[in-house]
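So the structure is just underneath, and the comments pick up after that.
Rule-based calculations on the coordinates, nothing more; no lab input. Keep in mind that this is a model prediction, so the values were computed, not measured. Cβ placement follows ideal geometry from the backbone for every residue including glycine, while neighbour counts extend to all protein chains displayed.
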Amino acid sequence: MSRLPRRIVCLSTETVEVLYLLGEEARIAGISGFTTHPPRARKEKPKVSGFSSAKIERILAVEPDLVLAFSDLQGEIARDLVKAGVAVHVFNHRSVDGILAMIETVGRLVGAEARALALVAELEQGIATARVAGEARAARLGRRPKVYFEEWNEPLITGIRWVSELIGIAGGEDCFGELSVHHSAKDRILADAALVIPRAPDVIIGSWCGKHFQPAHVTSRPGWDVLPAVRDERVFEVKSAILLAPGPAAIREGLPAIARCLDSLG
């Protein structure tokens, strides 16, 4: 008799995405209302929680034998589920390598290790190809173009580690790469928008978490008209649903989208 989990609740979108890619979606008993990948999951699976908040009774109602959660943001939910007797695995990855490790772990949890390793190999190949193209892009320009990535606008929050790493793979340089190592968004807040000016980004990429990016809001900030990215109209959006969840889509879709933004430099 199989002892693998049969009814899994996924509290964040990336584990839903991975289970679908592994062909193990039948095990999913419930998802977060913030799930975006794959889109069909929103129609096929019951929504039993938010992202940072949940009614434990709704999760327990689908009788999970495993709950997959993410980070301290879901720590209280995980605690309450553990108290209720449910097995919980909390991922806490913030890097590209962490994304790949998460995929391998999910594969092992559901007995699909070989398929998970194949998916990781595919993503690693995509990363390697993008890295070669990124080096060629930087060589063509004679430098690594500077990228200001904005995760939120009020207050200004710069990019998390996996986004910073993807910018580097694509051949760019994250203007605030030193902040990307901080797990918490509050530690990536810029105290003043003027701090961006001396960094002189060549490209600005906005990916406001959960809402549409507004380029005009960015370009009209006091003093930002001197930025090369604003002056030369290289201000772009990459959808947050693609880039701000630490799952395969960030690599499969987010990395090429960042590369296209850098291609605007010629």
How would you rank E122, E17, E237, going from fewest to most other Cβ atoms within 10 Å of each one's own Cβ?
E122, E237, E17
Within straight cross-link reach of K186, meaning Cα distance under 20 Å, which lysines are found once same-chain residues fewer than 8 apart are removed?
K211
Nearest 500 deg cm²/dmol is fine: what mean residue ellipticity at 222 nm does the chain get from its DSSP H runs of n ≥ 4 alone, each adding -39,500 (n - 2.57), divided by its residue count?
-11000 deg cm²/dmol
Let me know the whole percent of all Cα-Cα pairs from the range 58-173 that are separated by more than 24 Å.
48 percent
Using only the C-alpha atoms of the range 8-56, find the volume of their convex hull and express it per residue in Å³.
59 Å³
Using the Karplus curve 6.51 cos²θ - 1.76 cosθ + 1.60 with θ = phi - 60°, work out ³J(HN,Hα) for each residue of the range 54-67 in order, rounded to whole Hz, and write x for Gly and Pro.
6, 9, 4, 4, 5, 5, 5, 5, 8, 6, x, 9, 7, 10
Antiparallel %, DSSP beta bridges [both residues in the chain], to 5:
15 percent
For the range 1-142, what is Rg from Cα atoms divided by 2.2 N^0.38 Å, rounded to two decimals?
1.17
Once every Cα of the range 204-260 carries one equal point scatterer and solvent is ignored, give the base-10 log of I(q)/I(0) from the Debye formula at q = 0.24, 0.26 Å⁻¹, two decimals.
-0.92, -0.99
Using only the Cα atoms, what convex hull volume per residue in Å³ does the chain have?
117 Å³
Hydropathy first: keep DSSP H helices in the chain averaging at least 0.5 on Kyte-Doolittle, then drop any whose Cα extent along the axis falls short of 15 Å, and list what survives.
96-109
For L156, which sequence-distant residues (separation of 5 or more, or a different chain) have an amide H within less than 5 Å of its own amide H, given hydrogens modelled in the peptide plane?
L190
Take the Cα atoms of the range 8-92, find their three principal axes, and give me the spread along each one in whole Å, biggest first.
31, 24, 19
1/(1 + (r/R0)^6) with r = Cβ-Cβ of D187 and R3, R0 = 30 Å, i.e. FRET efficiency to nearest 0.05, evaluates to 0.15
Can you give the relative contact order of the chain as a percent, counting alpha carbon pairs under 8 Å and 6+ residues apart?
16 percent
Stick to Cα atoms and the Kirkwood definition of Rh, then tell me Rg/Rh for the range 157-266.
0.93
Of all trypsin sites (Lys or Arg not before Pro) in the range 41-97, which ones are in loop regions per DSSP and have a Cβ with at most 15 other Cβ atoms within 10 Å?
K55
